[in-house]
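Encoded as C-alpha cells, the structure appears first; notes follow it.
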Amino acid sequence: MKKNRIIFGALIVVVLFVGGYYFYGRGRPAPVPMKQKLYEGVTYRRIVQYVPRPMIAHMIVIDRTAGEIEFLVTPSDSDSDTPLNARTTSQFVDEFNVQIAINGDGFNPWWSRSPADYYPHVGDPVAPLGLTASGGDVYSNGVAVTVGVRPALYISRQNYPSFNRKPGNVYTAISGDRMIVERGEIVSDLNDKVLHPRTAIGINRNGRYIYLMVVDGRQPFYSDGVTFAGLAELMKEQGAYYAMALDGGGSSTMVIEGEDGKPVILNSPIDLYIPGRERPVGNHFGVYVK
C-alpha cells in the first residue's frame with residue numbers, strides 16, 4: 001500500500017512538472033536544437049544549451065552570393081532630431097516586405113518602468129544612438145547621450161559589408177553597442193557575468209556570409225540569456241570573423257516572413273518581462289530574399 005502511494009505521488013509530480021512546463025513554454029520555440037533551410041542560401045539554426053544554465057540562441061546565416069539578396073536598414077520617418085517612429089520588428093517586416101529582420105541599434109528616449117509606464121509606444125518618435133543610413137540617406141550621426149563612437153556595419157551599394165571602415169559615400173549603415181569579435185578573435189575584457197537577451201550581427205572573413213543572432217533571456221527554466229563574452233563565443237563558433245552586439249534586452253527579436261506573407265517570430269522576446277511581447281524599437285536590419 002505504501003509503495004502504491006509513493007508511485008502515485010511520483011506520477012502526480014511528473015504530471016504537474018510536465019503540465020507546468022507545457023503551459024510555461026506554450027507559444028515559445030521548443031528548446032530543441034534544429035537546422036532549417038529558409039531560402040536558397042539562407043539557413044536558420046536553433047542552438048540549445050542545457051547546462052550550466054538554460055540558453056536558447058537563434059542564428060540565421062545568409063550567403064550573399066546565393067540568389068538575389070539585398071539589405072535594408074529602417075528608413076527615416078522625418079527630418080527631425082527623432083527621425084524614426086518606433087515599430088516592432090514584426091511591423092517592420094510587414095511594412096517593408098522584407099523576408100528576414102532583427103532589431104537594430106539602441107535608441108533614445110527609452111524607459112521601461114512598468115506595463116503602464118514605458119516609452120516608446122508604437123509610433124512614438126525616437127533617435128538611434130549611432131550613425132544610421134538607409135538607401136544613401138544618412139539620417140542620424142548619433143545622439144548626445146552616446147559616449148564615444150559606436151561601432152557600425154556599412155553595406156555598400158554593391159551589397160558588400162564591412163565593419164568600422166566608413167566609406168566616402170555611405171549607402172547603408174547600422175550602429176551597435178560594441179564589437180565582440182574582431183579579426184577572428186573575441187574582443188578582450190567583455191563582460192562574462194551579466195546575463196541578458198542579446199542581438200548580434202557579424203560577417204565571415206571575406207564578407208560572403210552574414211550572421212544574425214538573437215539569444216533569448218530573462219525566462220527562468222527556458223533561457224537565462226548570455227553574457228557579452230558568451231555572445232562573442234557563439235558568433236565566433238558559427239564562423240564570424242567580425243561581430244557586433246546590437247541593442248539587447250527586451251529589444252532582442254528575430255522575425256521572418258511566413259508562407260502566408262505574415263510575420264513569424266522565431267525567438268521568444270520579453271519586453272516588460274512578458275514572454276512573447278515585442279518591444280517597439282528604433283531601427284532594424286532587414287533582408288530581402290528574391
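Taking residues in region 32-48 that are at pLDDT 95 or above and open to solvent by less than 30 Å² (accessible area, probe 1.4 Å), and partners anywhere that are part of a strand (DSSP E or B) and of a type in the set (Asp, Glu), the pairs with Cβ atoms closer than 8 Å and at least 6 places apart or on different chains are Gly41/Asp63; Val42/Asp63. Elements of the type strands (runs of 3 or more DSSP E) sitting completely within region 220-280 and holding at least 3 residues that are open to solvent by 10 Å² or more (accessible area, probe 1.4 Å): these cover 263-265. Residues in region 177-214 that are in contact with an Asp or Glu (Cβ under 8 Å, 6 or more places away or on another chain) and hydroxyl-bearing (Ser, Thr, Tyr): Thr199, Tyr209.
Just one of the numbered conditions (1) open to solvent by 10 Å² or more (accessible area, probe 1.4 Å); (2) under 17 Å from the mean Cα position of the chain (by Cα); (3) in contact (Cβ under 8 Å) with a residue 40 or more places away in the chain is not true of Ile186; which one? Condition (2) is where Ile186 drops out. Asn191 meets each of the listed conditions (1) over 21 Å from Glu40 (Cα atoms); (2) open to solvent by less than 10 Å² (accessible area, probe 1.4 Å); (3) part of a loop (DSSP other than H, G, I, E, B); (4) not β-branched (Val, Ile, Thr) apart from (2). One residue stands out among those in region 173-183 that are open to solvent by 10 Å² or more (accessible area, probe 1.4 Å) and part of a loop (DSSP other than H, G, I, E, B): the one that is farthest from Thr227 (Cα to Cα), which is Arg183.
For region 101-129, give me each residue that is aliphatic (A, V, I, L, M), in a strand (DSSP E or B) and over 17 Å from the mean Cα position of the chain (by Cα). Val126, Ala127 - these are the residues of region 101-129 that are aliphatic (A, V, I, L, M), in a strand (DSSP E or B) and over 17 Å from the mean Cα position of the chain (by Cα).
Exactly one residue out of Phe92, Phe71 is among the hydrophobic types (A, V, I, L, M, F, W, C) and open to solvent by 10 Å² or more (accessible area, probe 1.4 Å), and it is Phe71. Looking only at region 110-132, decide whether some residue is under 23 Å from Val42 (Cα atoms) and surrounded by 15 or more Cβ atoms within 10 Å (Cβ to Cβ). Among the residues of region 110-132, not one is under 23 Å from Val42 (Cα atoms) and surrounded by 15 or more Cβ atoms within 10 Å (Cβ to Cβ), which makes the answer no. Only one of Val143, Val170, Val149 is at pLDDT below 95, among the aliphatic types (A, V, I, L, M), open to solvent by less than 70 Å² (accessible area, probe 1.4 Å) and part of a loop (DSSP other than H, G, I, E, B). Can you tell me which? Matching residue, one of Val143, Val170, Val149: Val143.
The values are calculated or read from the model by the stated rules, or taken from the named source; none is laboratory data. Computed from a prediction, not measured in an experiment: that's the story for all the values here. With ideal geometry, Cβ positions are generated from the backbone for all residues, glycine too; neighbour counts draw on all protein chains shown. Note: accessible area is taken over every heavy atom of the protein model, side chains too, but ligands, DNA and RNA are not part of it. Shrake-Rupley method; radii C 1.70, N 1.55, O 1.52, S 1.80 Å.
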